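The values are calculated or read from the model by the stated rules, or taken from the named source; none is laboratory data. Values in this document were obtained by computation on a predicted structure and should not be read as measured data. Here the Cβ is made from the backbone with ideal geometry for all residues, glycine too, and neighbour counts use every protein chain on show.
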Amino acid sequence: MRYPDFPVLITQPMMPLIQEGIESQFPFARLNEQTDRAGFLAKDGARFKGVVTGQAAPSNDALFASLPNLKIVSSFGVGYDLVDAKAANARGIVVTNTPDVLTDEVADLAMGLLISTVRRLPQADQFLRKGLWLKSNFPLTDTIRGKTMGILGLGRIGKAIATRAEAFGLKIVYHGRSQQSDVPYPFYASLVDMAKAVDILMVIAPGGASTRRIVDRAVMEALGPKGTLINVARGTLVDEPVMVEMLTSGALGAAGLDVFEDEPKVPEALFALENVVLLPHVGSASVHTRNLMGQLVVDNVIALAEGRAPLTPVPETPWPL
Ligand code: A2R
């Protein structure tokens with residue numbers, strides 16, 4: 001064992017690459033397998049210097065309080081809305097995520113989902129499989145030709161989507177909390193104003209309290225019956241009940257959704273709709289990219305165990321703390 005002095009607490013089931021990387025190099029325990037979690041943490045909590053986690057288990061201040069010698073929370077995924085990074089900072093704990101290595105994969109998926117939604121590729125596939133092509137041609141669809149896409153969240157992934165979308169001939173505009181000086185795309189300070197001006201709204205900003213239901217009824221009404229909503233960020237950014245109602249009535253044209261508010265539960269009303277494409281949160285889910293993300297989770301813990309700087313600290317816990 002390479003790091004006997006750096007015990008790690010694993011809080012949820014992780015991919016095999018992470019489990020093997022931690023189990024072979026660190027003393028470890030699995031919080032999710034403890035029948036008496038509170039008792040376990042009270043007795044053993046002071047042992048752990050690292051936490052390895054993901055989007056299935058919240059890491060909050062109560063957890064940090066029970067781990068008084070914790071140095072790092074290494075979280076799988078670029079989004080870390082279930083980790084209270086501000087509370088971690090206040091306790092001198094660094095939080096790391098897995099940015100960059102998934103940027104192109106998620107951007108590829110976003111474009112695939114956009115074209116699938118507008119050109120109705122899954123519906124066309126079902127049409128053929130059901131033998132309906134023998135009776136008639138598949139109905140003509142909408143197009144992305146000549147359309148404008150508004151990006152909510154022009155960050156690493158948003159920019160990678162914009163590059164791809166430009167190659168497809170789309171006009172790009174964006175909304176965020178502030179205008180960026182070094183991008184060529186028009187900025188909208190108001191999300192509603194941007195939604196009025198575009199055909200496609202691409203959602204790729206972080207989850208959490210500041211973006212909760214930011215895509216509300218007013219935004220979806222502005223997008224309108226000919227508009228297309230694509231969400232590859234987090235389900236929490238969209239008012240899901242309103243979206244379902246508006247997609248059902250036709251007040252919102254179409255939606256391509258990789259994320260949902262209460263995953264893996266998806267509102268069943270969506271299953272019956274022809275104007276939606278639904279994916280089970282697969283934005284980064286290729287073997288190649290998930291392995292890069294998993295290795296980064298392990299490498300961040302190793303960096304701390306060796307007394308080095310973490311590779312990818314989140315902005316709320318800048319290094320050195
Ligand atoms: O607001 P800005 O100018 O800092 O732009 C950031 C934007 N953003 C927001 N936009 C509107 N309202 C907010 N409250 C808000 N908070 C952040 O989201 C920035 O352009 C973008 C996030 O970009 P990055 O931090 O580079 O993240 P990355 O790697 O592109 O991933 C985005 C999200 C993840 O957090 C996951 O939830 C999802 O993609 O997979």
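Just a few scattered comments:
- Qualifying residue in the stretch 110-130 (condition: among the polar types (S, T, N, Q) and surrounded by fewer than 16 Cβ atoms within 10 Å (Cβ to Cβ)): yes
- With respect to the conditions (1) hydrophobic (A, V, I, L, M, F, W, C); (2) more than 19 Å from Met243 (Cα to Cα); (3) touching a residue at least 12 places away in the same chain (Cβ under 8 Å), Leu134 falls short on a single one, namely (3).
- Check on Asp100, of a type outside the set (Val, Ile, Thr), outside any loop (DSSP other than H, G, I, E, B) and within 16 Å of the ligand (Cβ to nearest atom): no
- Scope the stretch 171-187; condition within 14 Å of the ligand (Cβ to nearest atom), surrounded by fewer than 21 Cβ atoms within 10 Å (Cβ to Cβ) and either touching a residue at least 40 places away in the same chain (Cβ under 8 Å) or part of a strand (DSSP E or B) (or both); matching residues: Val173, Phe187
- Residue that is surrounded by the most Cβ atoms within 10 Å (Cβ to Cβ) [pool: residues in the stretch 226-256 that are among the hydroxyl-bearing types (Ser, Thr, Tyr) and more than 15 Å from the ligand (Cβ to nearest atom)]: Thr228
- Residue in the stretch 45-62 that is charged (D, E, K, R) and over 26 Å from the mean Cα position of the chain (by Cα) present: yes
- Some residue of the stretch 10-27 being aromatic (Phe, Trp, Tyr) and not in a loop (DSSP other than H, G, I, E, B): no
- Conditions (1) over 27 Å from Arg217 (Cβ atoms); (2) more than 15 Å from the ligand (Cβ to nearest atom); (3) among the small types (Gly, Ala, Ser); (4) under 22 Å from the mean Cα position of the chain (by Cα): number failed by Ser116: (1)
- Set side by side, the residues Ile151, Ile161 differ, and just one is within 13 Å of the ligand (Cβ to nearest atom), assigned to a helix (DSSP H, G or I), at pLDDT 95 or above and among the β-branched types (Val, Ile, Thr), which is Ile161.
- Condition met for Val244 (of a type in the set (Val, Ile, Thr) and in a loop (DSSP other than H, G, I, E, B)): no
- The one condition in (1) of a type outside the set (Gly, Ala, Ser); (2) assigned to a loop (DSSP other than H, G, I, E, B); (3) away from the ligand (no atom under 16 Å from the Cβ); (4) touching a residue at least 60 places away in the same chain (Cβ under 8 Å) that Val282 fails to fulfil: (3)
- Total residues in the stretch 9-56, condition under 30 Å from Glu261 (Cα atoms), touching a residue at least 60 places away in the same chain (Cβ under 8 Å) and not small (Gly, Ala, Ser): 5
- Scanning the stretch 188-217 for residues that are in contact with a helix residue (DSSP H, G or I) (Cβ under 6 Å, 6 or more places away or on another chain), within 26 Å of Arg119 (Cα to Cα), in a helix (DSSP H, G or I) and within 15 Å of the ligand (Cβ to nearest atom) returns Leu191, Val192, Ala195.
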